Amino acid sequence: MAEENQRELRVVMFPWLAHGHIAPFVQLAKSLATHGLKIFFVSTPLNIRRIRPQMLDAPGIDLVELAMPSVEGLPAGVESTADVGKRGEAPVLIPLLIAAMDLLEKPFEALLKQLLPDFVIHDLAQPWAPRVANPIPTILFLVLGVASFSFEQGQLDSALGNPTVQDLTVSPPGFPSSIIHQRLFEARRAHFQLYQKNFNGLSVVDSASICVRESRAVVCNTCLELEGVYVEYLQSLRKRPVIPVGLLMPKLPPPPIDDICLQWLDRQPAASVVVLSFGSECVLTQQELAAIAMGLVESSVSFLWVLPAGNQLLQGFQDQIGVSFLLIVDGIQ
């Protein structure tokens, strides 16, 4: 009995097929492993291959591959939203990627029977995870901002699961802030992207809501200092423990002494710089980029904008930005 009580806790972790989700899952896995937990990190072969170098300094973590299911219309070699973004076919391929994730339900269930973990930590795209894991307790790891996520969940409830575009422009009842809201054009896009049904009959928000309701707890990639009131709102809304674990970031190397970006920032007054970064997978049209650039120029604010190198927007734009600053980085490969 004493030996059984001393057995290390075994945790299976399974993120959605997107590097913006996989990366914080990796950091959480490393953190849990330092506390003596045995981690089984699950994903498809190409994603495992990409993160393997990050795990070389992480004893206690086993990388487990589940074969990528074949879905008609989904090209070979597409195993994450990053692969979709490179092809510029997100509206067509993202639903197929969701369909592929759903086909991993049975292989994942078989894996759990083999590994017999004490807990399962899953993502928003696996509404079936709590059911197939039962009686193993499941925890949802929310890598998104709690403010925006709880906003969507509140709107879903207030509209009885079927919000209109107009509904999305109004803050849900009891929401902690009247500042956060969606303008009509934002609501139209959100309604199309988040509330339209996929092949499984669920929208993105439906799937997320099931994950929250059927998990024992929600762990959030945030801290109380930033989003405390929204953590409390989500907890009251879903009647589940909502636990912030801090901002999980990879350890960065020290910046170079002559870093011109930091030197420029040090010369700016407090709270005077607008920072723009749309990530490596958000593909904006030239028209959208030009509209943002025009707004920045006309606002006369100082700004820091992260853009992929070689962007056509740079032609003639740098001459107009005056004291502002433009940071250009290569896209993440």
Original post:
Within segment 1-20, how many residues turn out to be modelled with pLDDT under 95 and not aliphatic (A, V, I, L, M)?
Top reply: 8
Original post:
open to solvent by 80 Å² or more (accessible area, probe 1.4 Å), touching a residue at least 40 places away in the same chain (Cβ under 8 Å) and not charged (D, E, K, R), is that true of Phe199?
Top reply: yes
Original post:
Regarding Val218, is this residue under 25 Å from Asp102 (Cβ atoms) and in contact with a Cys (Cβ under 9 Å, 6 or more places away or on another chain)?
Top reply: yes
Original post:
Does segment 244-297 hold any residues that are among the polar types (S, T, N, Q) and closer than 23 Å to Phe25 by Cα, and which are they?
Top reply: Ser277, Ser280
Original post:
Picking from Pro127, Pro107, Pro135, which residue would you name as being modelled with pLDDT of 95 or more, closer than 20 Å to His19 by Cα and open to solvent by 10 Å² or more (accessible area, probe 1.4 Å)?
Top reply: Pro127
Original post:
Any chance segment 177-185 includes a residue that's hydroxyl-bearing (Ser, Thr, Tyr), surrounded by 14 or more Cβ atoms within 10 Å (Cβ to Cβ), touching a helix residue (DSSP H, G or I) at 6+ places or on another chain (Cβ under 8 Å) and on the phi < 0 side of the Ramachandran plot?
Top reply: no
Original post:
Which members of segment 258-275 meet the condition of being open to solvent by 60 Å² or more (accessible area, probe 1.4 Å) and part of a loop (DSSP other than H, G, I, E, B)?
Top reply: Asp258, Arg267, Pro269, Ala270, Ala271
Original post:
How many residues does segment 240-257 hold that are hydrophobic (A, V, I, L, M, F, W, C), part of a loop (DSSP other than H, G, I, E, B) and surrounded by 10 or more Cβ atoms within 10 Å (Cβ to Cβ)?
Top reply: 4
Subject >> Odd one out for Pro172, checked against (1) open to solvent by 100 Å² or more (accessible area, probe 1.4 Å); (2) over 19 Å from Met101 (Cβ atoms); (3) touching a helix residue (DSSP H, G or I) at 6+ places or on another chain (Cβ under 6 Å) >> reply: (1)
Original post:
In segment 31-60, which residues are open to solvent by 50 Å² or more (accessible area, probe 1.4 Å), of a type outside the set (S, T, N, Q) and under 24 Å from Ala125 (Cα atoms)?
Top reply: Arg49, Arg50, Arg52
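The values are calculated or read from the model by the stated rules, or taken from the named source; none is laboratory data. The shown structure was predicted, so the numbers you read here are calculated from the model rather than taken from an experiment. Here Cβ is always computed from backbone atoms with ideal geometry, including for glycine, and neighbour counts include all displayed protein chains. Just the protein is used for accessible areas: all its heavy atoms, side chains included, with ligands, DNA and RNA removed. Shrake-Rupley method; radii C 1.70, N 1.55, O 1.52, S 1.80 Å.
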